[in-house]
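Values quoted throughout were computed directly from the atomic coordinates according to the rules given, and no laboratory measurement underlies them. All values reported here derive from a predicted model rather than from experimental measurement. Cβ placement follows ideal geometry from the backbone for every residue including glycine, while neighbour counts extend to all protein chains displayed.
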Amino acid sequence: MPQKKSLRVTLSRRHSLSLLAGASLGTTFARAQSDNVVRIGLGGLPIERGNAFSNIQVPSILVTGGIFDGLTRMTKSGEIIPWLATSWQALDDTTWRFTLRDNVEFSNGEVFDAGAVKHTVDYLSGPGPQTEGLRRDFRFLDGADVIDRWTVDIKTSVPVPMFPRYACVLLIVAPQAWQDMGIREFSLNPVGTGPLVVEGWEPARALMRANPTSWRQLQVDGIEFIVLPDPSARLQALLSGALDAAYQMGPDDITVIEGEGGSISTVKDGAASSIMLQFGEGYDTPLRDQRVRQALNHAVDKQTIVDILMGGQTVVSSQPAVREAYGYDPALQPYAYDPDQARTLLKEAGVADGFDMTILTSGGGTNGAFIVQRVAADLVRAGVRATIQTRPVMQFLGDFVRGRISTDAFTLQWGSYPLLDAIQMTNINSCRKTQPWFCDETIQPVIEAAWLETDPQQALALRQDVMGYYRDIAPSIFLYENIAFTGLSPRTQGHSQTFGYIDFEGISLS
C-alpha cells in the first residue's frame, strides 16, 4: 500500500501515461492534456478500429458503442427501450416498422433518417466481408424500405420474433461518409450519431472528442482509451491518477482501490466463461471422446476459482448461457468437482495415463491469466499434461474470427448478449459460424428451429434442449458466469455500463 500511495504522489498524470502506455503524447493527442478528458484503461482496442460491423465483443463494443447508436437499447433488467427509434411494431412475421427520432445528426452533419437505416440494412444484407461479426448476427436481413423520412420497414427472410432486441446492435453509420471513404478509411474516421468522435488512433491509444451534434451530449471534453494489457499496470495507473477508469480489475484490487478513495463498478456482461475444446474433423486427439471432455469438467475445481479468483461474486456455470438469459435451463447442474470420477472416465476412454494438451489464452478478463493457470494445474493433477500459450488479446480475437486457432483448447465466452437469449451463443459456437471451431450436425436442426420459433413456450423448450445437449457433450470446460470489475478514480462520477455499452453521457469528473 505505501508504494502505491507514493506512486500516486510522485507520478504526474501525463508522465504516468507515457511510462505505462509506452507511447508518446504527440500533437495528435494535444487534447489529452485537458483535465476534462476521461482516461479509460483497456486490455486492447477494436481490431478493425471504428468499423461498426466488425464485432460486438468487449473491448470493441466499449469503443464503437460510443461512436454509433442502435435503433433500440437494452436496460440492465433486459427491457428494450427506444434509442434511435422511438417506437416499433411487427407488420407481419417478416416485416418490422420503426419510427425514428427526427432531431438526430451524424457527427459530420448528415441527417439521420430512414435512408440511413436502409443504407446500413442493405449493406449488411448484401455482399461483403464475411468476417464482419454483424453479418453473422444479422444473416436473416432481407433489405429495408423507406416509408417516409422518419419511418422505415426492415424485412427479414425468416420470422425473427426478437428483432427489437437485435436492433440494439444494428449500429447505424453515416451513408454518404461510408460511400465516400470506403470501409478501410471509414474505420479510421468513423461517422456516427453517438457522443464520441475519433480524433486519432495510435497502436496503444485512441482519443475521442465530444460530438457537439450528438443527441446525447458528453459532460466532458472527450474520452481517451489507453491500452494496458497487464492488469497490474492498469491498477498502478489508476492509483497514480493516470487513469479515471480501469477495466477488468480483479476482486483483490477492490480493497486497494476503495482504500485510496476510489470505487468499483461490478458488471455482468451476459456471458459464461469457458475453456473451449477443439475436437472436430482433422483433429487426432483424445478430446474426440465425450468421456474425456466430461472428465476435464470433473477435474477442475470451479467453485474455488469462483471463491478465490472471482471474489465469490458469481456462480459456477452449468451450461452455455447465464441465468438471466431466455432459454437458460435451471434444472441443469454444474459438473461436480470429482478428480476420482475424472480419472475413471479417462481410464474408460483408454487414456488412463493422460495426454498432452495446450490451452491458448489472451490472459484477458478478471484474473484471466491466473484462472487459466489454475485450470491447467487441476488438469495436471488429474493426469492431463496441460500447458498454456498466450497471445495479445486483439491478435487472439482476430485469429478466432478468422479460424486460425489450432491449439487443443482456448479461452472464450458463451455469450448471451446482446439479446440475453441463450441461443445467441450458437452464432459463433455451432455450424452457423462461417469458419466454425465446433460443429455438431446432430443438434443443428434444433438450433435452427429455436431461432425461428415464434411460440414463446415452444421457443423456450427448444432453447433448453440445446442447453442440455451442449452440457452433456461438453464442448468446453464450463467455468463460471462472467462478471467484470471496473476500478474508478475518486473524481470519476456517473459511470455505468450495460452489457458492453458504456453510458458515456453520464460520466463526469469532479
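Between N103 and Q219, what FRET efficiency follows from the Cβ-Cβ distance if R0 is 22 Å, with the result rounded to 0.05? E between N103 and Q219, to the nearest 0.05, is 0.65.
If the segment from E281 to I147 were pulled out straight at 0.36 nm per residue, it would be longer than the present Cα-Cα gap by 43.4 nm. Applying a 4.7 Å Cβ-Cβ cutoff to the chain, the cysteines left without a disulfide-compatible partner are C168. The order of the peptides 147-153, 158-164, 234-240 by mean Cβ neighbours within 10 Å, most packed first, is 234-240, 158-164, 147-153. The count of lysine pairs in the chain whose Cα atoms are under 27 Å apart, excluding pairs fewer than 8 places apart on the same chain, comes to 8.
From most to least packed by mean Cβ count within 10 Å, the peptides 89-99, 193-203, 301-311 give 193-203, 301-311, 89-99. Dipole orientation for the chain: of the candidates G133, L379, S274, L379 has the Cα lying most toward the positive pole (charges on Cβ; Lys, Arg +1; Asp, Glu -1). For the chain, adding -39500 (n - 2.57) for each run of n ≥ 4 DSSP H residues and dividing by the number of residues yields -8500 deg cm²/dmol at 222 nm.
For the range 354-372, backbone nitrogen atoms closer than 12 Å to the point 7 Å from I308 Cα along Cα-to-C-beta are found at 370-372.
Here the calculated FRET efficiency for Q89 and R404, from their Cβ-Cβ distance with R0 = 41 Å, stands at 0.45, rounded to the nearest 0.05. Among 419-426, 433-440, sorting by the average number of other beta carbon atoms lying within 10 angstrom of each residue, highest first, gives 419-426, 433-440.
Which FRET efficiency, nearest 0.05, do T390 and R491 yield, Cβ-Cβ r, R0 35 Å? Show your work: numbers first, answer last.
Values: r = 34 Å, r/R0 = 0.97.
Plugging the Cβ-Cβ distance into 1/(1 + (r/R0)^6) gives 0.55.
Charge tally around M357: other residues with Cβ under 10 Å, Lys/Arg +1 each, Asp/Glu -1 each, net -1. What's the local net charge at T95, with K and R +1, D and E -1, over the other residues with C-beta under 11 Å away? After counting each charged neighbour, the total is -3. Amide H contacts under 5 Å for W215: E105, restricted to partners 5 or more places along the chain or on a different chain, H placed in the peptide plane at 1.01 Å from N.
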